[in-house]
Amino acid sequence: TGQQARTHVSYMIRYGTRILAGVSPGKAGIIQDGIPVYDSVRTALREHTVDISVLFVPAPHAKDAALEAIENEISLVVVLAEGVPHHDAAEMIDRATKKGIRLIGPNSQGMISPGKAKLGGTGGSEPERMYRPGPVGIISRSGGMGGEIANTLTRRGIGQSTYISVGGDLLIGTDFVPLLKLFEQDPDTRAVVIF
């Protein structure tokens with residue numbers, strides 16, 4: 001229900017991302033852009049089957065939000081907040097690892113599979129200007145440079161299978177190697193650019 005979430009969720013919906021629920025303590029019952037809002041992840045999961053949680057929360061609250069998603073076994077948690085305290089990031093990463101949850105970020109810009117769905121702020125309001133479907137995966141620590149790489153490829157007529165901003169903070173949940181293994185298994189990916 002915060003400003004960042006309201007802005008980027010509308011872009012995500014317009015791009016085709018299927019968003020089932022929002023969570024904002026104390027705001028249960030609100031319908032935001034056609035999306036029901038719940039007080040907790042547990043409550044949302046009683047009504048919906050969820051496989052991804054994108055956290056539009058500031059750094060001081062990122063740990064609590066991430067741990068709630070992790071403890072409720074959402075398989076992919078994307079932490080957008082920049083500057084999450086190192087001890088908070090370490091705890092999120094440790095808990096996610098122990099539960100077998102993939103954690104992207106902190107300080108991730110998000111991700112996009114062009115023509116399919118986008119998570120977070122990747123591509124802003126018009127991702128189709130920077131990204132187009134194709135055979136190149138992109139993994140980047142820098143959200144800005146990852147977008148520039150995609151834009152350069154797109155201008156040269158080379159599309160992307162998926163772009164993942166893993167996060168630019170010191171500690172991040174998922175680094176290049178596990179993602180390279182996923183791209184290797186993806187029949188839509190023929191090459192990967194790492195930045």
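Scanning segment 160-195 for residues that are surrounded by fewer than 17 Cβ atoms within 10 Å (Cβ to Cβ), touching a strand residue (DSSP E or B) at 6+ places or on another chain (Cβ under 8 Å) and part of a loop (DSSP other than H, G, I, E, B) yields Asp186, Asp188, Arg190, Phe195.
State whether one or more residues within segment 87-99 are β-branched (Val, Ile, Thr) and touching a Ser or Thr at 6+ places or on another chain (Cβ under 7 Å). No, segment 87-99 has no match at all.
Of all positions in segment 25-37, none carries a residue that is buried (at least 20 other Cβ atoms within 10 Å of the Cβ), outside any strand (DSSP E or B) and of a type outside the set (Ser, Thr, Tyr). Reported count of residues in segment 150-159, each being touching a strand residue (DSSP E or B) at 6+ places or on another chain (Cβ under 8 Å) and surrounded by fewer than 20 Cβ atoms within 10 Å (Cβ to Cβ), is 3.
Does Gly105 meet the test of being at pLDDT 95 or above and either hydrophobic (A, V, I, L, M, F, W, C) or over 28 Å from Ile70 (Cβ atoms) (or both)? In short, no. Considering segment 41-109, the qualifying helices (runs of 4 or more DSSP H), each wholly inside and each with 1 or more residues that are in contact with a strand residue (DSSP E or B) (Cβ under 6 Å, 6 or more places away or on another chain) and either without any contact (Cβ under 8 Å) to a residue 60 or more places away in the chain or open to solvent by 80 Å² or more (accessible area, probe 1.4 Å) (or both), run over 41-47, 59-71.
Among (1) loosely packed, with under 14 Cβ neighbours inside 10 Å; (2) of a type in the set (Gly, Ala, Ser); (3) without any contact (Cβ under 8 Å) to a residue 40 or more places away in the chain, which single condition is Ser125 missing? That leaves (3) as the condition not met.
The values are calculated or read from the model by the stated rules, or taken from the named source; none is laboratory data. Here the structure is a predicted model, which is why all the values come from computation and not from measurement. Please note: Cβ atoms are built from the backbone with ideal geometry, for glycine as well, and neighbour counts cover all protein chains shown. Note: areas computed on protein heavy atoms with side chains; ligands, DNA, RNA excluded. Shrake-Rupley method; radii C 1.70, N 1.55, O 1.52, S 1.80 Å.
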